[in-house]
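A short reminder: the numbers here are calculations on the coordinates, not readings from a lab. All of these numbers come straight from a predicted model, not from anything done at the bench. Positions of Cβ are backbone-derived with ideal geometry, glycine not excepted, and every protein chain shown enters the neighbour counts.
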């Protein structure tokens, strides 16, 4: 997926702490979250676990696939996680330019 034709999106999935891990895992298995993630039109860039928090995931997403990503989260992750989504861009080349100046 070409980065100039995609949007970088950070997805924060916070564990629903009203459920224990077995309940969360059972729900995610039932919905197919792990099996089907990331949804079509999205490319996984990074997926880390923040202990006692949940997941911090970065995706490259085709603009036309933003709705697909949103619907995927609503259908497959709600009930296991509370979520936030942040569009972003790669600041590394900009920071490198500032450093060189």
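Assorted remarks:
- Share of Cα-Cα pairs in the chain lying beyond 21 Å, as whole percent: 38 percent
- Sorting 12, 94 by the number of Cβ atoms found within 10 Å of their own Cβ, with the fewest placed first, yields 94, 12.
- Inter-probe distance in nm under a simple model that places probes 7 Å from Cα toward Cβ, at residue 66 and residue 19: 2.8 nm
- 76, 99, 19 arranged by Cβ crowding within 10 Å, fewest neighbours leading: 99, 19, 76
- Taking the C-alpha atoms only, the angle from helix 66-76 to the longest principal axis of the chain is near 20 degrees.
- Take the Cα of residue 48, step 7 Å toward its Cβ, do the same at residue 34, and the gap between the two points is 2.1 nm.
- Going by neighbour counts of Cβ atoms within 10 Å, the residues 16, 22, 90, 4 line up, fewest first, as 4, 22, 90, 16.
- 222 nm mean residue ellipticity, helices alone, for the chain (DSSP H n ≥ 4; -39,500 (n - 2.57); rounded to 500): -9500 deg cm²/dmol
- Rounded to the nearest 10 degrees, the inclination of helix 21-31 to the longest alpha-carbon principal axis of the chain is 80 degrees.
- Nitroxide proxy distance, nm - points 7 Å out along Cα→Cβ at residue 82 and residue 1: 2.7 nm
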